Structures are given as C-alpha cells and as structure tokens.
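In what follows, a structure is listed as structure tokens, so that the remarks can point back to it.
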Amino acid sequence: MTEAVLLVGGRGTRLQPLTLNTPKPMVPAAGVPFLAHQLARAKAAGVDHVVLATSYLAEVFEPYFGDGSAHGLRLTYVTEDEPLGTGGAIRSAAGALAAGPGEPVLVFNGDILTGLDIPGLLGSHRRAGADVTLHLTRVADPRAFGLVPTAADGRVLAFTEKPQHPDEIVTDQINAGAYVFRREVIDAIPTGRPVSVERETFPGLLASGALLHGVVDTAYWLDLGRPASFVQASADLVRGVVRSPAVPGEPGEYLVLPGARVEDGALLGGGTVVGAGAHVAAGADVEGSVVLEGARIEEGARIRASMVGAGARVGPRTVLDGVVIGDHAEIGADNELCDGARIWCGTTIPDAAIRFSAA
Ligand code: GDD
Ligand code: MG
C-alpha cells in the first residue's frame, strides 16, 4: 500500500477574497476543485490511501470527496481544532496511517501543481536510505520559499525557510512541497503544539545527523498561493501543459463546463475555463482566465489572466487584467482594472468608476 498525507489546512490568505468561504484546495482550477487534480495525480502514481490534514474550513472537504471511492482511492479526514502548522498536521495525520516502521509515507503541500514523478521520488528515497526525501525545484527568486542546498550526492546540507537576509540565499534550489518521510520520523514530531516542518523538524533532523535527501528535477512546478499563479495553473491544466486525469475534457484552448452559455461571437482562449451556469456574451474576449460558476461576462468585456468569482458580473466593455473579482461582486460597464486589483465579495462598482490606463 502507498499512503500520502495531503496538507490542506492553510488559510489561503494570499488568494483572498476567493478563500474567504472556500479553502484554497477547493477553489476550482480547470473546472474542478484544485484538490481533485492532486488526488488524481496521486492515484495515477499508485497511491491508494490519502489522509487529508484539514483545519481552516475543514467541514467542506468531506461532503465533496466523501470516502474517496468516486476518485479511486481511500480518503481519511483528520482535523486540527487549532492549526498546528505543517509538522503538527503531519503528526496528527499519523494516527490514520497504516504504514509500519521503516515504511515510506508521502506528504504533499496542498497548493502545488507539479509533474513530479512520484514513483521516482519513492525509488530515490529507498535507494538513498533516507530519513526524509524532499522534492526540490529551481526558481529565479527563491526568497519566498524554503532554501535547500544539497551536496553532489543529494544529501541536504541546510534548510532555510524564507530567508530574511541576502547572505542566506546560497542556492536557487527550493523545497517543492513533496516529501517522503520514514514512518518513525513522523511519529517523533511532538504532539499538542504547533510545529513547522520547515522551521523546526528539518533543521532539527539535520542538526541530529539524520539523512535528508534532495531530488532536484525540471518537472512542471507551480505554487498556487497567489492569484496570478492559480490562474496560470488552471490555464496550464486546460491546455494540457501539465496533465491531470481530473480535467473534465480534452486539452484545448478553453474549457466550457456543462450548463455554461457562451454566445456566438464571444472569444475564449489561453486556457480559459467557463464554469457551470456562467454566461459569456457576444463580443466578450476572455483569455487565460477562470470564470467561476454562475458568473456573467457582458458584451465587449475584455478579461485577461483574471479570476471572476461565482455569481459575479463584469459589465459591458469593462477590461480586467490580472485581477480577482470576489463572488457575487458587480462590476459596472466601462471600468478598467489591472495588476493585482482585488474586488471583495459582493462589492458593487458603478459604471466607469475605475480606470487605470496604461501610460
Ligand atoms: N492542516 C494544516 N494545518 N495544514 C497547513 C497548516 C496547518 O496549520 N499550515 C499550512 N498548511 C498547509 C497549507 O494548506 C499548504 O498546503 C501547505 O501546508 C504549505 O503551507 P503554505 O502556507 O502554502 O506555505 P508556503 O507556500 O508559504 O511555503 C511552503 O511551500 C513552499 C513551496 O510552495 C513551504 O513548505 C516552503 O518551504 C516551500 O518552499
Ligand atoms: Mg504555499
């Protein structure tokens, strides 16, 4: 049996307002909650039991995913009353694991889209005889991540979470948020208090001489923590740049879910998804965006790299570029919003009230 713990208890602060009523893993990407893609990819890699470590808005997962049988695996839910951090969450999931001493347990951050070769990571862990094996990736700007320099043989030399000082930036290799833990390492995490694997467990293991093994690859990798990357991930899933068996359709330039209405003369592209019950009017142009269920995009609106929340309305000729529109917000005609603007759920913006024109 191959088991995995999926960490899905974070507050998703950087994706607000879309995560005010929906935890980040339940926000739809390419037509289904993002978590469905992770479960499908885990199943395809041979994982048959997943423990969901929930905390924030924990109650919404089980009604959707149930016992997992509809997704071809067994799901167990473990909920922290108070968030216990990444390490505390892994520790509290331990009681639901069947893995015995010495056996590997996969652990995944719940907000990563990656083409990681999961069986390859497990094989590498076995060959190295490691206590923990970490998937690493290279990024241009590592400051927002866990920095993980390694020796030539893959041995992890240090783990520095979100370095504060330029001197600490010694590598472009970062923790990609997928691990293999030896079962005993999980059982040794303290209970009853918050623990961060990144700030406490990994540095502590290194100090005690444990073997942490890093596997660097060049597979597709994206952290969906920010709106721009969430939208990008959804578009890449729709276009098949990264494959997920959970995408409800064949790869293409857009995905229109059953029950959506796209009028003749509307333009969709760049991996746009139009949710169930949403309406895109003639003359609207929606590129590389996520339009959630029941949203309305009116005539001549031009939308790029944006998320339009459930039931929201984007008025005629309004232009959105890199914007998040909260659920049920109403944006009047002839507005222009760009560059990370966020409109809170239920807000109304009158006609021609906002105009950011490019210089
Ligand atoms: N159950 C539970 N309880 N889950 C939690 C908690 C908690 O208290 N805190 C965080 N999580 C989950 C989040 O839902 C997410 O799936 C994962 O743990 C990581 O938390 P984030 O808040 O997304 O962390 P990050 O993105 O700033 O940094 C992490 O990911 C980077 C890669 O994207 C770290 O692991 C970095 O080292 C890493 O580079
Ligand atoms: Mg994250």
Using a Gaussian network model on the chain with a 10 Å cutoff between Cα atoms, which of ALA130, ALA144, ALA305 fluctuates the most?
ALA144
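Of all the accessible heavy-atom surface of the stretch 284-359, with the other protein chains kept in place and a 1.4 Å probe, what percent is carbon and sulfur? Present the calculation step by step, with values, prior to reporting the outcome.
Working: 1580 of 3220 Å².
Carbon and sulfur together cover 49 percent of it.
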Can you compute the charge dipole magnitude of the chain about its Cα centre, using +1 on each Lys and Arg Cβ and -1 on each Asp and Glu Cβ, nothing else charged? Give it in debye, rounded to the nearest 20.
420 debye
Provide the solvent-accessible area of SER124, counting protein heavy atoms only and rolling a 1.4 Å probe, rounded to the nearest 10 Å².
20 Å²
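Want the number for ALA151 to ASP167: 0.36 nm per residue separation, take away the alpha-carbon distance, what's left?
Values: separation 16, 0.36 × 16 = 5.76 nm, distance 1.89 nm.
Using 0.36 nm per residue and subtracting the Cα-Cα distance, I get 3.9 nm.
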Regression test value, accessible area per residue of the chain, probe 1.4 Å, units Å², expected 41 Å²
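Ranking request for peptides 270-283, 249-262, 26-39: highest mean number of other beta-carbon atoms within 10 Å first, then the rest in descending order. Please list the in-between numbers first.
On the way: 270-283: 21.5, 249-262: 16.1, 26-39: 23.9.
Ranked from most to least packed, the peptides come out as 26-39, 270-283, 249-262.
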Beta bridge orientation in the chain: antiparallel %, DSSP, nearest 5:
30 percent
Whole-Hz Karplus couplings 3J(HN,Hα) for the stretch 98-113, θ = phi - 60° and coefficients 6.51, -1.76, 1.60, Gly and Pro as x, run 9, 4, x, x, x, 7, x, 10, 6, 10, 10, 4, x, 10, 10, 9
Whole-Å distance, taken between Cα centres, linking the stretch 111-175 and the stretch 1-67
23 Å
Only Cα pairs within less than 10 Å get springs; with that Gaussian network setup on the chain, which residue of GLY88, GLY100, GLY294 has the largest fluctuation?
GLY100
Counting pairwise Cα distances across the stretch 135-278, what percent come out greater than 28 angstrom?
40 percent
For the chain, what's the relative contact order in percent, using C-alpha pairs closer than 8 Å and at least 6 residues apart?
14 percent
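Considering only protein heavy atoms and a probe of 1.4 Å, how much of the accessible area of the stretch 3-223 is carbon and sulfur, as a whole percent? The partial results should precede the final answer.
Numbers: 4590 of 8860 Å².
Heavy-atom surface of the stretch 3-223 belonging to carbon and sulfur, 1.4 Å probe: 52 percent.
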For GLU263, put the label point 7 Å out on the Cα→Cβ axis and report which residues of the stretch 308-331 keep their amide N under 18 Å from it.
312-320, 331
Kindly sort HIS71, HIS49 by accessible area of their heavy atoms, largest first, with the probe set to 1.4 Å.
HIS71, HIS49
Label points 7 Å out from Cα along the Cβ direction at GLU299 and ARG126: separation in nm?
6.4 nm
Dipole-positive endmost among ALA295, PRO23, HIS71 within the chain (Cβ charges, Cα centre):
HIS71
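Contour minus end-to-end for ALA219 and ALA70, with contour as 0.36 nm per residue of separation and end-to-end as the Cα-Cα distance? Each step should come with its number before you reach the end.
On the way: separation 149, 0.36 × 149 = 53.64 nm, distance 2.81 nm.
Gain on stretching ALA219 to ALA70: 50.8 nm.
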Label model pair ASP187, GLU59: point-to-point distance (7 angstrom along the Cα→beta-carbon line) in nm is 3.6 nm
How large is the convex hull of the Cα atoms of the chain per residue, expressed in Å³ as a whole number?
138 Å³
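The values are calculated or read from the model by the stated rules, or taken from the named source; none is laboratory data. Since we're looking at a predicted model, the values are computed, not measured. Every residue, glycine as well, gets a Cβ built from its backbone with ideal geometry; the counts of neighbours run over all protein chains shown. In case anyone asks, the SASA skips ligands and DNA or RNA and just uses the protein heavy atoms, side chains included. Shrake-Rupley method; radii C 1.70, N 1.55, O 1.52, S 1.80 Å.
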